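Only one structure is covered here, and it is reproduced in the block below.
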Amino acid sequence: METSRYLTGILEKNGFRIERDYAGMPTAWVATWGSGKPVIALGSDIDCIPQASQKPGVAYHDPVLPGAPGHGEGHNSGVPLNITAALAVKKIMEREHLAGTIKLWPGVAEEVVGAKAYFIRAGLFNDVDISLFAHVGANFDTSWGASAGTGLESVEYTFKGESAHAAANPWRGRSALDAVELMDVAWNFRREHLRLQQRSHSVITDGGDQPNVVPSTATVWYYLRETDYAHIKELREIADRIAKAAASMTDTDVSSRLLGSAWPGNMSKPIAEAMYANATVVGLPKWDEADQALAKALQKELKQPEIGLPSEIPATKAGLAPDQNYGGGSDDIGDVSWTVPTATLRYPANIPNLPGHNWANAVAMATPIAHKGTTAGAKVQAMTVLDFLTRPELVRQAHEYFETTTTKDQKYQPLIGPDDKPAIHLNAKTLEQYRPAMRKYYFDSSKYKTYLEQLGITYPTVR
Ligand SMILES: [Zn+2]
């Protein structure tokens, strides 16, 4: 909520029209400026990672607030990149009287792939011609065609049994937790006979209250990942059958709820090539000794090769053939990529060879590494917007590629059903617990020039 208020505040001050509370999500918004065609959408994720609180600029584990969530991926750099780009482009559009509309949107709850399918359903992309996405990385990186990685259904299975005194009358109880454990055991046996491409993992979010009460409720939350729509659906059906079987073994009842979903990505060649050309013009930031010292110290801390920060941009590349895609992570930008011509710009605002979803991925944020990388990324994004604003043939090429290649054999059909609603309750408890203590760490730009200064951190702090 604070993030959304901060970001939309800047955009509103600069003349953008803001729609708040978008698609049934209190933290979602769409910011629009300009008029006419083409309509260019700029998106990037905004959410963080549980228990990833970390002091920026410090090359070892040292949380700002122990146990609190933190930016253990770097999603806090992406919308600033898009805002910087949008404000620069707006100035040029006004000066040169260029027609076109810029639409900014935040990837809300990306870590639980919770928003983008709902944005599509709400019509965010109905009038969009070109969609430029930005995601933090450790270098400039773009690709086109099928992305390496997976799509997924995120599903919660809730079992209901009957409580009883666990010592006095255990035979009168029906343990919902037994059902959860049996489902997990069954899934882990079944795993051997699933395609190598799948990724699946679960956490038990309700495992009962205390040992002397037979658990009458229990919940397990699965991410079921596969490399295409049909295989994702198949994985879900297997999980549904195993859940039913576990309920049957324990005489409990089971219900399921979809908490999030994502299609595997399929990116636009004309957009990715335009991004890459602009990245080579902008070039990588000039890292100084302090930046390299932080990067190498963190790599050493994590027992990784001490390669520091990159000095070369890798070539843009075609995505993988389906039989060569051996799985990996997901991002619900996949859904957008099947809806409108889209490409992702990875930009160099983080340190290479980090584990991901970890405190270490938060170290570079709010340091000169992130500031330089995000600013370089903003230049690339702005130049790419200008390419599409000033060269109608590029827009046409992107649409042609979308029709004749991206969606030739496969059309988008949402993994969310018409009755599914955004799972906005997720993380509510965590925020309730930590928000009051986090408040005093909000950046105060009236008092401090940088966040490192506010926290009193010497850059870099290494062992
Ligand atoms: Zn991400």
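The values are calculated or read from the model by the stated rules, or taken from the named source; none is laboratory data. A quick note: this is a predicted structure, and the numbers were derived from the prediction, not measured. A quick note on method: Cβ atoms are made from the backbone with ideal geometry, for glycine too, and the neighbour counts reach across all protein chains shown. The protein model used for the area step is the full one, side chains on, heavy atoms only, and it has no ligands, DNA or RNA in it. Shrake-Rupley method; radii C 1.70, N 1.55, O 1.52, S 1.80 Å.
In the list Gly72, Gly78, which residue meets the criterion of being closer than 30 Å to Arg391 by Cα, within 13 Å of the ligand (Cβ to nearest atom) and open to solvent by less than 10 Å² (accessible area, probe 1.4 Å)?
Only one candidate qualifies: Gly78.
Here is a list: Asn139, Asn126. Which entry is within 16 Å of the ligand (Cβ to nearest atom), among the polar types (S, T, N, Q) and outside any strand (DSSP E or B)?
Going through Asn139, Asn126 in turn, the sole match is Asn139.
Please go through the stretch 164-222 and pick out each residue that is touching a residue at least 24 places away in the same chain (Cβ under 8 Å), in contact with a helix residue (DSSP H, G or I) (Cβ under 8 Å, 6 or more places away or on another chain), assigned to a strand (DSSP E or B) and polar (S, T, N, Q).
Of everything in the stretch 164-222, those that are touching a residue at least 24 places away in the same chain (Cβ under 8 Å), in contact with a helix residue (DSSP H, G or I) (Cβ under 8 Å, 6 or more places away or on another chain), assigned to a strand (DSSP E or B) and polar (S, T, N, Q) turn out to be Ser200, Thr217, Thr219.
Which residue pairs have Cβ atoms closer than 8 Å, lie 6 or more positions apart in sequence or on different chains, and pair a first residue in the stretch 129-148 that is more than 19 Å from Leu81 (Cα to Cα) and of a type in the set (D, E, K, R) with a second residue that is assigned to a loop (DSSP other than H, G, I, E, B) and away from the ligand (no atom under 16 Å from the Cβ)?
The qualifying pairs are Asp129/Lys37; Asp129/Pro38; Asp129/Val340; Asp129/Pro341.
Within the group Tyr442, Tyr459, Tyr401, Tyr448, which residue is under 24 Å from Ala318 (Cα atoms) and hydroxyl-bearing (Ser, Thr, Tyr)?
Going through Tyr442, Tyr459, Tyr401, Tyr448 in turn, the sole match is Tyr401.
(1) open to solvent by less than 60 Å² (accessible area, probe 1.4 Å); (2) within 16 Å of the ligand (Cβ to nearest atom): which one isn't true of Ala382, the others all being true?
Ala382 satisfies all of (1) open to solvent by less than 60 Å² (accessible area, probe 1.4 Å); (2) within 16 Å of the ligand (Cβ to nearest atom) except (2).
Of the conditions (1) of a type outside the set (Ser, Thr, Tyr); (2) more than 16 Å from the ligand (Cβ to nearest atom); (3) in a loop (DSSP other than H, G, I, E, B); (4) on the phi > 0 side of the Ramachandran plot, Asp62 clears all except one; give me its number.
With respect to (1) of a type outside the set (Ser, Thr, Tyr); (2) more than 16 Å from the ligand (Cβ to nearest atom); (3) in a loop (DSSP other than H, G, I, E, B); (4) on the phi > 0 side of the Ramachandran plot, Asp62 is out only on (4).
Restricting attention to the stretch 142-153, which residues are surrounded by fewer than 24 Cβ atoms within 10 Å (Cβ to Cβ) and within 16 Å of the ligand (Cβ to nearest atom)?
Ser143, Ala148, Gly149
Search the stretch 274-320 for residues being part of a loop (DSSP other than H, G, I, E, B), more than 19 Å from Ala362 (Cβ to Cβ) and among the charged types (D, E, K, R), and hand back the single one that is most open to solvent (accessible area, probe 1.4 Å).
Lys286
Exactly one of (1) in a loop (DSSP other than H, G, I, E, B); (2) open to solvent by 30 Å² or more (accessible area, probe 1.4 Å) is unmet by Trp33. Its number?
Unmet for Trp33, out of (1) in a loop (DSSP other than H, G, I, E, B); (2) open to solvent by 30 Å² or more (accessible area, probe 1.4 Å): (1).
On the basis of being more than 16 Å from the ligand (Cβ to nearest atom) and open to solvent by 30 Å² or more (accessible area, probe 1.4 Å), does Pro38 make the cut?
So Pro38 does not fit the description; no.
I'd like the full set of residues that are closer than 17 Å to Leu309 by Cβ and open to solvent by 30 Å² or more (accessible area, probe 1.4 Å), limited to the stretch 334-353.
Within the stretch 334-353, Arg346, Asn353 qualify.
On the given criteria, is Ala88 out of contact with any Phe, Trp or Tyr (no Cβ under 6 Å at 6 or more places or on another chain), more than 15 Å from the ligand (Cβ to nearest atom), under 18 Å from Trp29 (Cα atoms) and open to solvent by 30 Å² or more (accessible area, probe 1.4 Å)?
no
Given (1) touching a residue at least 12 places away in the same chain (Cβ under 8 Å); (2) more than 17 Å from Gly43 (Cβ to Cβ), where does Ser337 come up short, assuming only one miss?
(2)
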